[in-house]
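Here the structure is laid out as structure tokens; the discussion comes afterwards.
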Amino acid sequence: MENHINALIQQIKGVDPSFRLESLGFPKTLKGQGNLLRQLLFDRAAAVYRMKNDVRLLQVEMVRVMQETADSA
């Protein structure tokens with residue numbers, strides 16, 4: 001999981017070199033790791049939208065959030 005998260009951070013920095021992850025360290029719990037993963041996926045989508053004006057990844061992440069919300073209802 002940590003390797004996947006590091007790869008996402010590198011992808012975001014590849015799109016937006018000014019990206020900084022505000023974190024106190026790698027989460028210890030599985031829930032915390034999942035939250036960090038979801039946040040980074042959204043951050044990547046937002047960076048692609050801001051830097052390349054490409055909305056596709058942002059649309060995918062919004063659908064994912066809506067599906068998670070519907071599943072938990």
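Would a scan of the range 20-33 turn up a residue that is at pLDDT 95 or above, of a type in the set (S, T, N, Q), part of a helix (DSSP H, G or I) and exposed (fewer than 14 other Cβ atoms within 10 Å of the Cβ)? No: zero hits.
Here are L8, L36, L41: which of them is at pLDDT 95 or above, in contact with a Leu (Cβ under 6 Å, 6 or more places away or on another chain), within 21 Å of V65 (Cα to Cα) and not in a loop (DSSP other than H, G, I, E, B)?
After applying the criteria, what remains is L8.
Considering only the range 4-30, state which residues are over 19 Å from R50 (Cα atoms) and in contact (Cβ under 8 Å) with a residue 24 or more places away in the chain. Those that are over 19 Å from R50 (Cα atoms) and in contact (Cβ under 8 Å) with a residue 24 or more places away in the chain: H4, I5, F26.
Restricting the first member to the range 54-73 and to residues that are within 16 Å of Q39 (Cβ to Cβ), and the second to residues that are among the hydroxyl-bearing types (S, T, Y), the beta-carbon pairs closer than 7 Å and six or more apart or on different chains are L58/Y49. In summary, V63 fulfils each of the numbered conditions (1) loosely packed, with under 13 Cβ neighbours inside 10 Å; (2) outside any helix (DSSP H, G or I); (3) not polar (S, T, N, Q) with the single exception of condition (2).
The values are calculated or read from the model by the stated rules, or taken from the named source; none is laboratory data. Predicted model only: the values in this text are computed from it and were never measured. Heads up, the Cβs are rebuilt from the backbone with ideal geometry, glycines too, and the neighbour counts pull from every protein chain shown.
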